[in-house]
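S.K.: Below is a structure I'd like to ask you about.
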Amino acid sequence: MSETSLWPARSANLVLFILLIAYIFNFLDRQILGILASSIKADLNLTDTEFGAIGGLAFALLYSLLGIPLAFLADKTSRSGVVAGALAVWSAFTALCGTATSFGQLFLYRLGVGVGEAGGVAPSYALVADYFPPERRARALAVFSLGVPIGLGGGSFIGAHLAQLFGWRAAFVIMGVAGIILAPVLRWVVRDLPRARNAATAPLGSVFPMLARKPAFWLLAFGASASSLCGYGLALWTPSVLMRSFDLSLVQTGNFLASLVIIGGCTGVFAGGWLADRLGTGDRGWYAKLPAIAWLITAPTFVAGFFAPNLWFAWVLLLIPNALNILWLGPITTAVQHLVPQSMRSTASASFLLINNLIGLGAGPLLIGGLSDALKSTYGVDSLRNAAVVCCSFYLLAAFLALLAIKPLRAAWVQDAA
């Protein structure tokens, strides 16, 4: 057996590890904004609505729109090259966030972070799918998706401690520089696997029409979007909710969220992938059924946790939804990979992410921030907590759409070519 044929089997776990580290940086750079909300708002004199626009809309605009062309470029050229370049770009703009002196500057820099991150996720999904066989794919994508809870928890913990030691501006610069250093390492370690000669020749315009004809795609995309509307909104605003409702310091909030998100989130994400691989082999409908069950439990437990009588009771209650609200990542991202042939995977993932991020990331943080400002005259310091609770109702919508997707997903599933 040649060295080339040995390479995929020997290096799949290493590739997955490096892609996971890059994905962790993706969410570190997002969550550091949330944990530093109070400091940034005070320094730049921002309202909740303005900060919600910076945390969601600014990032989502170009992040969502550029995802498809960059994923198509990855399918046509080098997936690993696009991911490495994206990591360098978003890290550079993260560092620039530490130099912002106004709403306008920070908004523009977050646009730049979104431009970079647009090229990171969809090609990474495709690389993981290339390296791992179908029977291990959901677990591998779930391991990759551990970047979400680790990045969210790490962003809260590292961001809080860096800001405590050096200030919020230095925290952004340090995180950005670290990502820039990682980019060439990723490019050197992660190799694209050989594809069939015609694998990357599918026209860009042919992928989305193929997906659009499948009800399973729309139901999964809008279900995940409803969940992400809550998830991204809560990720940005939960640190402020905890500070306002439980009178926590910046470091206390970072420590609390890091333990909560890393323990709960990692458990939920990996369990979702493991269960989907195990149950989905016999019935592809489980790739939609598992997220639906998780979301039905997520909504009431989040509400109960936000209104807990003390911090320790809140930790126990919030551990449950932090495990279940992102359980969908392994099952649904795997399902989207199997709605199209292998050569279209990056572009299909980007089409899914376009909808998910425009709705979830674009609307979630801004919706909670706007509701908080609107409710402030009635609820005062509790306005943000009440706004977050209202937003949790979208988890029930997500569950309903996922349940509707079960039957059409079974019919639309595309097996790997022999």
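S.K.: Working only within region 60-87, note down all residues that are β-branched (Val, Ile, Thr) and either open to solvent by less than 30 Å² (accessible area, probe 1.4 Å) or within 18 Å of the chain's Cα centre (by Cα) (or both).
M.R.: Listed by number, the residues that qualify are ILE68, VAL82, VAL83.
S.K.: What's the number of the condition TYR23 fails, among (1) open to solvent by 20 Å² or more (accessible area, probe 1.4 Å); (2) at pLDDT 90 or above?
M.R.: Here TYR23 clears every test but (1).
S.K.: Identify the single condition in (1) touching a helix residue (DSSP H, G or I) at 6+ places or on another chain (Cβ under 7 Å); (2) farther than 17 Å from LEU329 by Cβ that PRO209 does not satisfy, given that it satisfies every other one.
M.R.: The one condition PRO209 does not meet is (1).
S.K.: Go through (1) surrounded by fewer than 24 Cβ atoms within 10 Å (Cβ to Cβ); (2) under 18 Å from PHE222 (Cα atoms) for LEU279 and report which single condition fails.
M.R.: Every condition holds for LEU279 apart from (2).
S.K.: List the residue pairs whose Cβ atoms are under 6 Å apart, where the first residue sits in region 29-44 and is without any contact (Cβ under 8 Å) to a residue 12 or more places away in the chain, the second is hydrophobic (A, V, I, L, M, F, W, C) and in a helix (DSSP H, G or I), and the two are 6 or more positions apart or on different chains.
M.R.: Here the result reads LYS41/PHE51, each pair linking region 29-44 to a residue that is hydrophobic (A, V, I, L, M, F, W, C) and in a helix (DSSP H, G or I).
S.K.: Pairs please, first residue from region 346-371 and at negative phi, second anywhere and surrounded by 22 or more Cβ atoms within 10 Å (Cβ to Cβ) and not in a helix (DSSP H, G or I), Cβ atoms under 6 Å, 6+ apart in sequence or on different chains.
M.R.: Qualifying pairs under 6 Å: ALA348/VAL340.
S.K.: Something else: Considering region 229-263 alone, what residues qualify as being of a type in the set (Gly, Ala, Ser) and either outside any helix (DSSP H, G or I) or in contact with a His (Cβ under 6 Å, 6 or more places away or on another chain) (or both)?
M.R.: Once the filter is applied, which keeps residues that are of a type in the set (Gly, Ala, Ser) and either outside any helix (DSSP H, G or I) or in contact with a His (Cβ under 6 Å, 6 or more places away or on another chain) (or both), region 229-263 yields only SER249.
S.K.: Among (1) open to solvent by 10 Å² or more (accessible area, probe 1.4 Å); (2) modelled with pLDDT under 90; (3) of a type in the set (Lys, Arg), where does LYS289 come up short?
M.R.: (2)
Condition check ((1) surrounded by fewer than 23 Cβ atoms within 10 Å (Cβ to Cβ); (2) at pLDDT below 85) across all residues:
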residue	(1), (2)
VAL89	yes, no
GLY116	no, yes
PRO123	no, no
GLY147	no, no
PHE172	no, no
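S.K.: What number goes with the only condition from (1) over 23 Å from PHE302 (Cβ atoms); (2) touching a Leu at 6+ places or on another chain (Cβ under 6 Å); (3) small (Gly, Ala, Ser) that GLY362 does not pass?
M.R.: The number of the failed condition is (1).
S.K.: Let me ask something else about it. Which one is least open to solvent (accessible area, probe 1.4 Å) among residues in region 371-418 that are part of a helix (DSSP H, G or I) and of a type in the set (Phe, Trp, Tyr)?
M.R.: This residue is TYR395.
S.K.: Suppose we filter ILE368, ILE355, ILE332 for residues that are surrounded by 24 or more Cβ atoms within 10 Å (Cβ to Cβ), of a type in the set (Val, Ile, Thr) and within 17 Å of the chain's Cα centre (by Cα); which single one remains?
M.R.: Exactly one of ILE368, ILE355, ILE332 is surrounded by 24 or more Cβ atoms within 10 Å (Cβ to Cβ), of a type in the set (Val, Ile, Thr) and within 17 Å of the chain's Cα centre (by Cα), namely ILE332.
S.K.: Using beta carbons and a limit of 6 Å, which pairs, at least six apart or on different chains, have the first residue in region 215-228 and in contact (Cβ under 8 Å) with a residue 12 or more places away in the chain and the second one in a helix (DSSP H, G or I) and β-branched (Val, Ile, Thr)?
M.R.: These pairs meet every condition: LEU220/ILE332; ALA221/ILE355; ALA224/ILE332; SER225/ILE355; SER225/ILE359.
S.K.: Between a first residue in region 382-402 that is farther than 22 Å from GLY362 by Cβ and basic (Lys, Arg) and a second residue that is open to solvent by 30 Å² or more (accessible area, probe 1.4 Å) and not in a helix (DSSP H, G or I), which pairs have beta carbons less than 9 Å apart while being 6 or more apart in sequence or on different chains?
M.R.: Sorted first by the residue in region 382-402, then by its partner, the pairs are ARG385/PHE307.
S.K.: Further, regarding this structure: Failed condition for ARG30, given (1) farther than 14 Å from TRP237 by Cβ; (2) surrounded by 22 or more Cβ atoms within 10 Å (Cβ to Cβ); (3) at pLDDT below 85, with all others met?
M.R.: (1)
The values are calculated or read from the model by the stated rules, or taken from the named source; none is laboratory data. Predicted, not measured: the structure shown is a model, and the values here were computed from it. Cβ: placed from backbone, ideal geometry, glycine included. Neighbour counts: every protein chain shown. What goes into the accessible areas is simple: the full protein's heavy atoms, side chains included, and nothing from ligands, DNA or RNA. Shrake-Rupley method; radii C 1.70, N 1.55, O 1.52, S 1.80 Å.
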